[in-house]
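Accompanying notes for the structure given below.
The values are calculated or read from the model by the stated rules, or taken from the named source; none is laboratory data. Treat the numbers as computed from the prediction; the structure is a model and nothing was measured. Every residue, glycine among them, receives a Cβ derived from its backbone with ideal geometry; neighbour counts consider all protein chains shown. Quick note on the areas: whole protein, heavy atoms, side chains included, nothing else; ligands and nucleic acids left out. Shrake-Rupley method; radii C 1.70, N 1.55, O 1.52, S 1.80 Å.
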Amino acid sequence: MTVRSSGTQPIRIEQDVVLARQTARKLAQECGMRLIDLTKLVTAVSELARNTMVYGGGGDMDWQIVEDGLRVGLRLTFRDEGPGIPDLKLAMTDGWTSGGGLGLGLTGAKRLVDDFELDTSPGAGTRVTICKWT
Amino acid sequence: MERIPILQMGDFLLVTIQVDMHDQLALTLQDDLSERISRTSARGVLIDISALDMVDSFIGRMIGMISGLSRIMDAETVLVGMQPAVAITLVELGMTLPGVSTALNVERGMKLLRERAYSQ
Amino acid sequence: MAALQQITVDALKRSESQLAVQWHADLEASGATRNLKPEEIRQQVADFLRLLTSTLEKGGSANITTTEWDDVRHFLEKLSSQRALAGQDSQQTASFIFALKGPLFTQLQNAFADQPLLIAEQVLQMSELLDGLGLHTIRTYQKSREAVIKRQQEELLELSTPVVKLWDGVLALPMIGTLDSQRTQVVMESLLQRIVDTGAEIAIIDITGVPTVDTLVAQHLLKTVTAIRLMGADCIISGVRPQIAQTIVHLGLDLQGVVTKANLADALALALRRLGVTLTKAV
């Protein structure tokens with residue numbers, strides 16, 4: 001797998017969630033992603049960026065346009081230094097929420113992308129990496 | 001402060017969402033709408049999202065809330081113009097907006113509102 | 001690893017026109033130029049030699065993935081995708097580079113006539129370089145071919161299930177044959193798009209011609225029905241055969257809120273009733 005280009009987008013305030021969506025949309029278009037896949041990806045970005053801001057107390061979104069043989073994809077990592085997720089299994093249950101939302105953020109985002117990786121421990125922040133291929 | 005305009009057409013309120021909303025804007029719209037319904041005794045609310053290229057769980061929840069609270073205040077809500085890609089994504093996300101009435105476009109939505117509002 | 005000697009680069013530059021003639025002749029003889037225009041080949045041969053010498057003169061390293069080789073690589077990428085579209089096979093395409101070896105080595109032999117030890121080393125260097133460029137050509141050729149195949153597959157998918165208009169405001173999607181997950185997805189997407197384009201209020205998905213339905217496909221069907229509702233239109237599923245009905249029940253899928261009809265005619269009758277259309281027989 002080779003990285004064609006990469007960058008970082010800060011997620012500190014609410015407006016940054018909108019910017020993260022717009023960045024993801026622009027990059028997905030560069031990859032030549034189909035409208036349906038692009039919409040799914042941007043929606044997942046919205047959910048995860050909001051989590052980073054609300055639960056992680058702010059963080060960053062790293063992006064990479066990656067190439068794997070014939071496939072081109074967009075890989076995004078959401079990083080924060082927040083409290084982490086104490087019960088991962090619970091957090092990955094549809095409808096469970098710690099913040100008064102619908103509890104569809106993490107599980108929903110996972111369904112919308114091709115690859116999903118979550119790395120967290122209490123007190124050590126959270127990293128979610130997603131990838132969508134064209 | 002940035003706000004989404006609410007238009008009044010007879011007994012109905014019309015909201016067209018055209019900007020990429022951040023969360024606070026969505027919450028403000030929810031407050032503004034309930035306030036307007038109560039002030040104008042509107043019989044229905046039409047929300048046009050044909051310009052939205054994405055609806056996430058937050059906006060989805062806002063739509064559900066508006067629909068629910070307007071019903072309590074005796075007004076019908078119709079959501080119109082959802083794009084195919086947005087609809088497919090919402091279903092995949094697990095949000096099916098039960099209880100929210102929908103129509104293809106503003107014209108059909110108004111027709112539906114009139115039927116509902118005046119049949120009671 | 002020893003690098004290319006300046007003498008080699010000079011020899012290459014000095015004999016560019018000679019190389020071009022010999023290389024072109026070899027290409028013709030090998031049959032790699034079939035179906036291609038002679039003047040085009042001549043141009044490509046000259047262009048490539050020019051790019052190769054200028055890159056080597058600028059001190060291009062043996063690693064062809066570096067930026068110094070950008071121009072050469074882009075030239076080869078263009079060439080191989082053009083060959084792929086022209087219907088040449090991978091061997092013919094790769095021969096373009098490999099046919100350069102013969103004439104080039106002859107030139108090197110002349111240039112290093114009095115330094116036999118250097119010849120072997122320089123020939124090896126040049127050979128490795130050309131191998132790398134040849135492989136790059138094949139790789140991009142393969143990519144272009146696969147892109148062509150992928151596009152054709154997508155076109156075929158869209159052709160295989162047409163969305164038809166049954167009445168003003170009523171669309172039908174007659175599905176025939178085995179439904180796999182990917183096909184169902186593509187078809188459903190085009191149905192949703194057609195609903196927006198035509199403003200149809202009712203969509204009928206007819207699955208009379210579908211022999212079996214698995215969990216994934218059944219779920220796709222249900223998701224489509226939900227998506228159509230979110231867009232503000234209605235959906236009727238018709239032609240659910242007994243076996244499929246059994247599968248759906250066995251799978252424990254909830255068809256609540258989904259309107260089903262035994263056949264397409266019943267579905268159309270229901271659609272017309274909803275639209276307020278009444279049909280009467282002319283006496």
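Overview of results
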read-out	value
Any hit, the range C:153-164, residues being at pLDDT 85 or above and on the phi < 0 side of the Ramachandran plot	yes
Residue that is modelled with the lowest pLDDT [pool: residues in the range C:256-279 that are hydrophobic (A, V, I, L, M, F, W, C) and under 11 Å from C:ASP206 (Cα atoms)]	C:ALA262
Options C:ALA29, C:ALA113; residue that is open to solvent by 60 Å² or more (accessible area, probe 1.4 Å), part of a helix (DSSP H, G or I) and more than 16 Å from C:LEU130 (Cβ to Cβ)	C:ALA29
Some residue of the range C:48-61 being assigned to a loop (DSSP other than H, G, I, E, B), more than 29 Å from the chain's Cα centre (by Cα), surrounded by 17 or more Cβ atoms within 10 Å (Cβ to Cβ) and at pLDDT below 85	yes
Odd one out for A:ARG111 among (1) surrounded by 19 or more Cβ atoms within 10 Å (Cβ to Cβ); (2) under 15 Å from the mean Cα position of the chain (by Cα)	(1)
Within the range B:30-58, considering residues that are part of a helix (DSSP H, G or I) and under 10 Å from the mean Cα position of the chain (by Cα), the one nearest to the other protein chains (Cβ to nearest Cβ)	B:GLN30
Residues of the range C:195-210 classified as at the interface with chain B (Cβ under 9 Å from one of its Cβ atoms) and either within 15 Å of A:LEU35 (Cβ to Cβ) or touching a Cys at 6+ places or on another chain (Cβ under 6 Å) (or both), total	1
Breaking point among (1) more than 24 Å from C:ARG274 (Cα to Cα); (2) open to solvent by 10 Å² or more (accessible area, probe 1.4 Å), for C:THR208	(1)
Selected residue (only one of C:GLY134, C:GLY177 is more than 14 Å from chain B (Cβ to nearest Cβ), loosely packed, with under 13 Cβ neighbours inside 10 Å and among the small types (Gly, Ala, Ser))	C:GLY177
Qualifying residue in the range C:184-195 (condition: of a type outside the set (Phe, Trp, Tyr), assigned to a loop (DSSP other than H, G, I, E, B) and at pLDDT 90 or above)	no
Boolean, B:ALA87 is over 24 Å from A:VAL42 (Cα atoms), surrounded by 21 or more Cβ atoms within 10 Å (Cβ to Cβ) and within 14 Å of chain C (Cβ to nearest Cβ)	no
B:SER67 being polar (S, T, N, Q), in a loop (DSSP other than H, G, I, E, B) and within 28 Å of A:LEU48 (Cβ to Cβ)	no
Filter result for the condition that a residue is over 22 Å from C:GLU16 (Cα atoms), of a type outside the set (A, V, I, L, M) and touching an Asp or Glu at 6+ places or on another chain (Cβ under 9 Å), over C:SER80, C:SER144, C:SER90	C:SER144
Checklist (1) open to solvent by 70 Å² or more (accessible area, probe 1.4 Å); (2) in contact with a Leu (Cβ under 6 Å, 6 or more places away or on another chain); (3) part of a loop (DSSP other than H, G, I, E, B) applied to C:ASN35, failing item	(2)
Residue pairs meeting the criteria (Cβ under 6 Å; at least 6 apart or on separate chains; first open to solvent by 100 Å² or more (accessible area, probe 1.4 Å) and outside any loop (DSSP other than H, G, I, E, B), in the range C:261-283; second of a type outside the set (A, V, I, L, M, F, W, C) and modelled with pLDDT of 95 or more)	none
Within the range B:7-21, considering residues that are under 16 Å from B:ALA51 (Cβ atoms) and not acidic (Asp, Glu), the one most open to solvent (accessible area, probe 1.4 Å)	B:GLN18
Which numbered condition B:ALA117 fails, given (1) open to solvent by less than 10 Å² (accessible area, probe 1.4 Å); (2) over 14 Å from the mean Cα position of the chain (by Cα); (3) within 14 Å of chain C (Cβ to nearest Cβ)	(3)
Test result for A:LEU70, facing another protein chain (nearest Cβ under 9 Å) and open to solvent by 10 Å² or more (accessible area, probe 1.4 Å)	yes
Which numbered condition A:LEU19 misses (of (1) assigned to a helix (DSSP H, G or I); (2) in contact with a strand residue (DSSP E or B) (Cβ under 9 Å, 6 or more places away or on another chain); (3) open to solvent by less than 60 Å² (accessible area, probe 1.4 Å))	(3)
Positions within the range B:98-107 being under 15 Å from B:THR16 (Cβ atoms) and either outside any loop (DSSP other than H, G, I, E, B) or hydroxyl-bearing (Ser, Thr, Tyr) (or both), in sequence order	B:ALA103, B:VAL106, B:GLU107
Residue list for the range A:2-60, restricted to those being away from chain B (no Cβ under 14 Å) and without any contact (Cβ under 8 Å) to a residue 40 or more places away in the chain	A:GLU30, A:GLY57
Elements of type helices (runs of 4 or more DSSP H) contained in the range A:32-134, each with 3 or more residues being within 22 Å of B:VAL91 (Cβ to Cβ) and touching a helix residue (DSSP H, G or I) at 6+ places or on another chain (Cβ under 7 Å)	A:35-54, A:105-112
Residue under evaluation C:ASP214, criteria (1) of a type in the set (Asp, Glu); (2) modelled with pLDDT under 90; (3) within 15 Å of B:MET82 (Cβ to Cβ), criterion not met	(3)
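Conditions (1) in a strand (DSSP E or B); (2) out of contact with any His (no Cβ under 8 Å at 6 or more places or on another chain); (3) touching a residue at least 60 places away in the same chain (Cβ under 8 Å), marked per residue:
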| site | (1), (2), (3) |
| --- | --- |
| C:LEU124 | no, yes, no |
| C:LEU129 | no, yes, yes |
| C:GLN152 | no, yes, no |
| C:GLU155 | no, yes, no |
| C:LEU216 | no, yes, no |
| C:HIS220 | no, yes, no |
| C:ILE236 | yes, yes, no |
